[in-house]
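Below: the structure, in structure tokens.
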């Protein structure tokens, strides 16, 4: 960040059922007019489905970008969200950028072992000309990712106790989320289908990902802790 290069925090929020379903929390309503919801949270196959918010938090600019998917939480969807952020905000906020640093947790669609994630990042690096570095949090430290407490927690507080009856409600609720730290937050709905699986194993092993560096999670022992310990 000191060199003026973008640093973003990426993660997918919990999938939300879209429809007349109970949403945890409390909200002020007129007396005697509660919001009516279904008694069970079984997914209605004929209904609007589900919402998959994938957030991108720009650490230096202190801004948020959320893409709401309707299909699957895949590596293609994660990188498509980063591509959308770069085209809409990133390239304008950082016109002289040559590198991009991504911080993410260890699992899910952006896990460090997911070959599709690395392959999609390689395609993005070729399209944008950026040297992309992805750093992953060690296991058990996903809450250290800044997007968790800078963005997602405030979204959950903003729509608490309110049924998410449609994708428009989800998008508008996220876009209306404001905090004392985040200067701007934008949200977009993505209805395109993302491939849930792909035959990328042998192909990726023979592919040289130019411009992409992934760093697996490594626990660094603190100075007062031994590197190994015996449990008796």
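Computed quantities for the displayed model
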item: Residue check for residue 61: farther than 19 Å from residue 166 by Cβ and crowded, with 22+ Cβ neighbours inside 10 Å; result: no
item: Options 161, 129: the member that is on the phi > 0 side of the Ramachandran plot and at pLDDT 85 or above; result: 129
item: Matching residues, the stretch 156-177, being under 13 Å from residue 23 (Cα atoms), touching a strand residue (DSSP E or B) at 6+ places or on another chain (Cβ under 8 Å) and outside any loop (DSSP other than H, G, I, E, B); result: 170
item: Matching residues in the stretch 76-112 - criterion: being in a loop (DSSP other than H, G, I, E, B), in contact (Cβ under 8 Å) with a residue 60 or more places away in the chain and farther than 15 Å from residue 136 by Cα; result: 94, 96, 97, 98
item: Residue match in the stretch 130-139 (condition: farther than 18 Å from residue 101 by Cα and assigned to a loop (DSSP other than H, G, I, E, B)); result: yes
item: Qualifying residue in the stretch 211-218 (condition: modelled with pLDDT of 60 or more, assigned to a loop (DSSP other than H, G, I, E, B) and within 20 Å of residue 73 (Cα to Cα)); result: no
item: Lone qualifier among 27, 46 - being under 20 Å from residue 177 (Cβ atoms), modelled with pLDDT under 85 and part of a loop (DSSP other than H, G, I, E, B); result: 27
item: Residue in the stretch 69-84 that is under 30 Å from residue 130 (Cα atoms), more than 19 Å from the chain's Cα centre (by Cα), crowded, with 18+ Cβ neighbours inside 10 Å and modelled with pLDDT of 90 or more present; result: no
item: Hits in the stretch 140-154 - residues which are touching a residue at least 24 places away in the same chain (Cβ under 8 Å), within 13 Å of the chain's Cα centre (by Cα) and not in a loop (DSSP other than H, G, I, E, B); result: 142, 146, 147, 148, 150, 151, 152
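The values are calculated or read from the model by the stated rules, or taken from the named source; none is laboratory data. Computed from a predicted structure; not experimentally measured. Note that we place each Cβ from the backbone using ideal geometry, even for glycine, and neighbour counts take in every protein chain shown.
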